[in-house]
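Q: Here's a structure for you.
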Amino acid sequence: MPFAKALTRLGGAALFTASTALAASAFDMADMSDAEREAFRAEVRAYLLDNPEVLMEAVDVYQQRQADQQVANDADLIAAYAGPIYDDSNDAVYGNPDGDIVIVEFSDYRCGYCKKAYPDVQALLEKDGNIKLIVKEFPILGDASVLAARFAVATKLVEGDEAYLKLHDELMQARGDISEGALRRLAKDLGIDADKVIAEMDSDGVTAVLAQNHQLATALQISGTPAFIMGDQMLRGYVPYDGMVEIVKEVRANR
């Protein structure tokens, strides 16, 4: 029976299964005549036009495989970079420092979704009571982002963790442009010595902290904010409060 006629009699998924098997054996595409190849292509095209849902199903399968591979890759990356992720003394810590769950957040003070996530994350820490949050400064949204991050890191270096956390809280809730003048006014309101902080902003120490965070983000394939690490999962983008609660439950259950 000619190949094209045999193919026409196949239906549904059998079309692709049979055509693949035939092409790999008796009907190798390389051994087919021009007419047979043309008939094969025409039959496949006709089938797909009559059954476009097959294409959508194939796309869904492909996307799921890609997502599964990304999850596996993320887990490997988290394990490989556990040291700089969890044990960097330059990072600030919220919540319970001895919590059984550790969340790591990469954030930018000009990121709208970081600001949207802020109250959700704080509520999660307060209501759960057994979560440690590590904050990594990751300014990626322009000069104002870098200015704010440098001011925050410098505050931690010269004024300590408590001053940094107060400043971080205010910057995450602030609206409007970030400027040196605005940072000075905010520092004054919080009892922070703005002159000392500004003198430290361009120091090698501050530059090193931000460079290390950028290098780590690149290694972890993080290119946007907010980004969270929870257990062996990386969450790129905003996650609503209820979603974070469920992920925390999942991480605890899998410990």
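The values are calculated or read from the model by the stated rules, or taken from the named source; none is laboratory data. The model shown is predicted, which means the values in this text are computed figures rather than measured ones. Glycine also receives a Cβ, built like all others from the backbone with ideal geometry; neighbour counts cover every protein chain displayed.
Q: Within region 209-216, is there a residue that is within 21 Å of Ala117 (Cα to Cα) and either of a type in the set (A, V, I, L, M, F, W, C) or not assigned by TED's automatic domain parsing to the domain that holds Lys132 (or both)?
A: no
Q: For region 182-192, check the following and say yes or no: at least one residue is touching a Ser or Thr at 6+ places or on another chain (Cβ under 8 Å) and modelled with pLDDT of 95 or more.
A: So far as region 182-192 goes, yes, one or more of its residues are touching a Ser or Thr at 6+ places or on another chain (Cβ under 8 Å) and modelled with pLDDT of 95 or more.
Q: Within region 67-90, work out how many residues are outside any helix (DSSP H, G or I) and of a type in the set (Gly, Ala, Ser). Walk me through how you get there before you give the answer.
A: Residues of region 67-90 that are outside any helix (DSSP H, G or I), as a first pass: 81, 87-90.
Pick out the ones that are also of a type in the set (Gly, Ala, Ser) and you get 89.
So the count comes out to 1.
Yes/no per residue for (1) in the same structural domain as Gln215 (by TED's automatic domain parsing); (2) farther than 16 Å from Asp232 by Cα; (3) buried (at least 16 other Cβ atoms within 10 Å of the Cβ); (4) under 15 Å from the mean Cα position of the chain (by Cα):
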| residue | (1), (2), (3), (4) |
| --- | --- |
| Gln69 | no, no, no, yes |
| Ala72 | no, no, no, yes |
| Leu77 | no, no, yes, yes |
| Tyr86 | yes, no, no, no |
| Ser89 | yes, yes, no, no |
| Tyr94 | yes, yes, yes, no |
| Val102 | yes, no, yes, no |
| Asp108 | yes, yes, yes, yes |
| Cys111 | yes, yes, yes, yes |
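Q: Considering only region 193-208, state which residues are of a type in the set (D, E, K, R) and either in contact (Cβ under 8 Å) with a residue 12 or more places away in the chain or not assigned by TED's automatic domain parsing to the domain that holds Met234 (or both).
A: Once the filter is applied, which keeps residues that are of a type in the set (D, E, K, R) and either in contact (Cβ under 8 Å) with a residue 12 or more places away in the chain or not assigned by TED's automatic domain parsing to the domain that holds Met234 (or both), region 193-208 yields Asp193, Lys196, Glu200, Asp202.
Q: Then there's this: Please work out which residue is modelled with the highest pLDDT, limiting yourself to region 20-37 and to residues that are exposed (fewer than 11 other Cβ atoms within 10 Å of the Cβ) and among the hydrophobic types (A, V, I, L, M, F, W, C).
A: Looking at residues that are exposed (fewer than 11 other Cβ atoms within 10 Å of the Cβ) and among the hydrophobic types (A, V, I, L, M, F, W, C), I get Ala30.
Q: Something else about it: Could you tell me whether Lys136 is buried (at least 16 other Cβ atoms within 10 Å of the Cβ) and at pLDDT 95 or above? Full working, then the answer.
A: Numbers: buried (at least 16 other Cβ atoms within 10 Å of the Cβ): yes; at pLDDT 95 or above: yes.
Yes, satisfied.
Q: Next question, about the same structure. Count, please, the residues in region 239-251 that happen to be within 14 Å of Asp128 (Cα to Cα) and in contact (Cβ under 8 Å) with a residue 24 or more places away in the chain.
A: Summing the residues that are within 14 Å of Asp128 (Cα to Cα) and in contact (Cβ under 8 Å) with a residue 24 or more places away in the chain in region 239-251 gives 5.
Q: Another question, if that's okay. Taking the options Asp161, Asp120, name whichever one is closer than 21 Å to Asp242 by Cβ and either acidic (Asp, Glu) or surrounded by fewer than 19 Cβ atoms within 10 Å (Cβ to Cβ) (or both).
A: Working: Asp161 fails: closer than 21 Å to Asp242 by Cβ.
None of the others qualify; the one that does is Asp120.
Q: Also, I was wondering about something else. What number goes with the only condition from (1) part of a loop (DSSP other than H, G, I, E, B); (2) of a type outside the set (Lys, Arg); (3) touching a Leu at 6+ places or on another chain (Cβ under 7 Å) that Ile140 does not pass?
A: Condition not satisfied by Ile140: (3).
Q: Still on this model: List the residue pairs whose Cβ atoms are under 6 Å apart, where the first residue sits in region 226-238 and is under 18 Å from Arg255 (Cβ atoms), the second is surrounded by fewer than 17 Cβ atoms within 10 Å (Cβ to Cβ), and the two are 6 or more positions apart or on different chains.
A: Partner pairs satisfying both residue conditions: Asp232/Ala75.
Q: Within the group Asp100, Asp76, Asp128, which residue is within 22 Å of Ser223 (Cα to Cα) and at pLDDT 95 or above?
A: Asp76
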